[in-house]
Amino acid sequence: MKILVTGGLGFIGSHTVVELANEGIEPIIVDNLYNSKEEVLEKLEKITGKKFNLYKYDLTEKENIERIFNENEIDAVIHFAGYKAVGESVKNPLMYYSNNLISTIKLLEVMKNHNVKNLVFSSSATVYGMQETPKYTEKMKRGDTTSPYGTTKAMIEKILEDLYASDNSWNIIILRYFNPVGAHSSGLIGEEPNGIPNNLMPYIMKVASGELETLNIFGDDYPTPDGTGIRDYIHVVDLAKGHVKALQKAPKGLNVYNLASGKGTSVLELVNTFERVNNLKINYKIVERRPGDLAEYYADPTKAYKELGWKTEKTIEDICRDAWNYEKNKMN
Ligand code: NAD
Ligand code: UDP
């Protein structure tokens with residue numbers, strides 16, 4: 001089986017390439033290197049002992065995608081490529097709508113022309129918006145998104161629903177990720193945020209490495225047990241395995257799955273676990289709440305377990321150990 005992995009050199013894409021290769025599935029990578037480095041390819045080859053075909057193409061250009069489909073017998077596409085920085089999308093919405101929507105539409109057009117109608121799409125918990133209870137299930141309707149980034153995900157989900165309604169020979173799997181963190185246990189691939197990170201785990205990493213002095217914890221007066229925000233963190237290797245299971249096991253048609261652990265972890269719990277597992281101190285101070293943040297949300301992941309036979313295997317301890325192992329490797 002040949003799978004086109006768009007954004008395959010990025011954080012989640014690269015880990016998925018490893019898991020596909022481990023299952024004897026052939027990944028073909030397309031990435032324009034906007035948010036990744038070509039050297040990730042060598043790391044992937046080192047981890048798996050396999051060679052991969054890389055197309056350094058921009059997916060907003062249809063002729064590029066055509067070329068890939070003309071040169072390869074592709075069975076399915078896992079579509080990771082896109083911009084993902086929430087804050088940047090607020091400052092530059094057109095850049096986000098343009099890249100995320102145009103690349104997806106062009107990709108779908110080429111897939112349709114080549115009669116390749118199997119797609120896995122990277123969506124996000126952000127499409128739920130704020131719900132009445134913090135445990136999000138796929139039965140809930142999409143809520144109001146709070147950033148242009150989130151809106152691109154909701155819009156693409158809608159585009160995929162419309163496409164499926166027009167032609168139900170498509171098999172479309174929408175995966176809603178909660179908070180992907182951690183790194184491959186080899187320490188060779190991991191998350192590479194640009195500039196000062198916005199997300200918690202990459203920020204903790206910069207404080208641990210001494211690049212940044214203090215972690216700002218955004219509020220300790222939320223209605224949660226320790227007052228800090230609660231999220232559902234998922235190890236990126238578990239997430240990657242979820243994609244392989246989705247390809248292998250999802251029923252025909254259009255299906256939506258939460259990929260998450262189902263457990264909420266607070267900011268302080270994550271910081272404390274990181275300190276304990278890695279025997280380090282993280283300087284932190286409590287500051288104002290971050291505008292737009294929800295106090296608490298986590299997933300109900302039972303649909304993925306029942307239908308795909310997938311659940312997370314790694315713990316918050318594994319996440320903290322592997323993330324720091326990757327960071328330390330980079331420093332050496
Ligand atoms: P990433 O930035 O590490 O990877 C995305 C890759 O896509 C990058 O390597 C980038 O160079 C490439 N890319 C972007 N635009 C492209 C284009 N027009 N043509 C070709 N390549 C292009 O991001 P990630 O964390 O691996 O996320 C993968 C997907 O999962 C994204 O769609 C993201 O929105 C979604 N997602 C991520 C998270 C998260 O927290 N990381 C959470 C929910 C959903
Ligand atoms: N957070 C924090 N300090 C930071 C970054 C994040 O206290 O520097 C908190 C944030 O308020 C939230 C949790 O950590 O409660 C996860 O934030 P992140 O941005 O990683 O994910 P998201 O909020 O998008 O789910």
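Working from the pairwise distances between different alpha carbons, so that the mean of 1/r is found and then inverted, what is segment 95-221's Kirkwood radius in Å? The partial results should precede the final answer.
Details: mean 1/r = 0.0574 Å⁻¹.
Answer for segment 95-221: a Kirkwood hydrodynamic radius of 17.4 Å.
Could you size up the charge dipole of segment 75-168 around its Cα centre, putting +1 on the beta carbon of Lys and Arg and -1 on that of Asp and Glu, and report it in debye to the nearest 20? Walk me through the numbers before you get to the answer.
Numbers: 11 positive and 10 negative charges, 30 e Å.
In total the dipole reaches around 140 debye.
Quick check: net charge around Glu191, other residues with Cβ under 13 Å of its Cβ, Lys/Arg +1 and Asp/Glu -1?
Values: positive: Lys37, Lys84, Lys206, Lys330; negative: Glu192, Asp322, Glu327.
Computed value for this residue: +1.
Could you state the number of Å between the C-alpha centres of segment 80-143 and segment 156-205?
Their Cα centres are 9 Å away from one another.
How much length would be gained if the chain were fully extended between Glu132 and Asn53, taking 0.36 nm per residue of separation minus their Cα-Cα distance, in nm to one decimal? Before the final figure, lay out the partial values.
Values: separation 79, 0.36 × 79 = 28.44 nm, distance 4.56 nm.
Additional length available on full extension: 23.9 nm.
As a footprinting exposure proxy, order Thr228, Thr315 by other Cβ within 10 Å, with the fewest listed first.
On the way: Thr228 23, Thr315 15.
The fewest-first ordering by Cβ neighbours comes to Thr315, Thr228.
Starting from the amide H of Leu254, placed 1.01 Å from N in the peptide plane, find each other amide H under 5 Å away whose residue is 5 or more places distant or on another chain.
Under 5 Å from the amide H of Leu254 lie the amide H atoms of Ile172, each far enough along the sequence or on another chain.
Looking at the square roots a ≥ b ≥ c of the eigenvalues of the Cα gyration tensor of segment 168-286, which shape do they give, rounded for a/c under 1.5, prolate if a/b is larger than b/c, or oblate? Provide the component values of the computation, followed by the final result.
Working: a/c = 2.61, a/b = 1.81, b/c = 1.44.
The shape class here is prolate.
Once you've got the GNM for the chain with C-alpha springs shorter than 10 Å, pick whichever of Glu307, Glu191, Glu138 has the biggest mean-square fluctuation.
Evaluated over the chain, the most mobile residue of the options is Glu307.
7 Å from Cα along Cα→Cβ at both Asn113 and Glu45: what's the point-to-point distance in nm?
Output for this residue pair reads 3.0 nm.
Over segment 216-293, with a single point scatterer placed on each C-alpha, what log10 of the ratio I(q)/I(0) does the Debye formula yield at q = 0.12 1/Å?
-0.51
Which loop-located GluC sites (Glu not before Pro) does segment 68-133 contain, where loop means any DSSP state but H, G, I, E or B and the Cβ has at most 11 other Cβ atoms within 10 Å? Could the numbers behind the result be given before it?
Working: sites: Glu71, Glu73, Glu88, Glu109, Glu132; in loops: Glu73, Glu132.
For GluC sites (Glu not before Pro) across segment 68-133 that sit outside H, G, I, E and B with at most 11 neighbouring Cβ atoms in 10 Å, the list reads Glu73, Glu132.
What are the extents of the Cα atoms of segment 234-276 along their three principal axes, in Å, largest first?
44, 16, 9
Using the 10 angstrom Cβ neighbour count as an exposure proxy, how do Asp162, Asp322, Asp75, Asp232 rank, fewest first?
Numbers: Asp162 9, Asp322 23, Asp75 14, Asp232 26.
Ordered from fewest to most neighbouring Cβ atoms within 10 Å, Asp162, Asp322, Asp75, Asp232 come out as Asp162, Asp75, Asp322, Asp232.
To the nearest µm²/s, what D does Stokes-Einstein give for segment 1-154 at 37 °C and 0.692 mPa s, using the Kirkwood radius over alpha carbon pairs as Rh?
Values: Rh = 16.4 Å.
Translational D for this selection: 200 µm²/s.
Which ³J(HN,Hα) values in Hz, rounded to whole numbers, follow from the phi angles of segment 130-135 under the Karplus curve 6.51 cos²θ - 1.76 cosθ + 1.60, where θ = phi - 60° and Gly and Pro get x?
My calculation for segment 130-135 gives 9, 10, 5, 10, x, 9 Hz in order.
Which of the trypsin sites (Lys or Arg not before Pro) across segment 136-174 are loop residues per DSSP, with 15 or fewer other Cβ within 10 Å? Before the final figure, lay out each step's value.
Working: sites: Lys139, Lys141, Arg142, Lys153, Lys158; in loops: Lys139, Lys141, Arg142.
Answer by residue number: Lys139, Lys141.
Return the inverse of the average 1/r over all pairs of distinct C-alpha atoms in segment 1-78, which is the Kirkwood hydrodynamic radius, in Å to one decimal.
On the way: mean 1/r = 0.0810 Å⁻¹.
12.3 Å is the Kirkwood radius here.
Add -39500 (n - 2.57) for each DSSP H run of 4 or more in the chain, then divide by its residues: what number comes out at 222 nm, to the nearest 500 deg cm²/dmol?
Details: 12 runs with 131 residues, N = 332.
Computed ellipticity for the chain at 222 nm equals -12000 deg cm²/dmol.
What percent of all Cα-Cα pairs in segment 189-233 falls into each 10 Å bin, going from 0 up to the bin containing the maximum distance?
Whole-percent P(r) values from 0 Å outward: 24, 46, 27, 3.
Once segment 127-192 is represented by equal point scatterers at the alpha-carbon sites, with solvent omitted, what log10 I(q)/I(0) does the Debye formula produce at q = 0.18, 0.27 Å⁻¹?
-0.85, -1.19
Calculate log10 I(q)/I(0) of the chain for q = 0.09, 0.10, 0.12 Å⁻¹, where I(q) comes from the Debye formula with a single equal point scatterer on each Cα and nothing for solvent.
Scattering profile of the chain, log10 relative to I(0): -0.45, -0.56, -0.83.
Hey, what does the equivalent ellipsoid look like for segment 48-106, semi-axes from the Cα gyration tensor as sqrt of 5 times each eigenvalue, largest first, whole Å?
Working: eigenvalues 137, 45, 17 Å².
Those come to 26, 15, 9 Å.
Read the figures in this text as sums done on the coordinates, not as results from a lab. Just so you know, these numbers come straight off a predicted model, no measurement behind them. Reconstructed Cβ throughout: ideal geometry from the backbone, glycine too, with neighbour counts over all protein chains shown.
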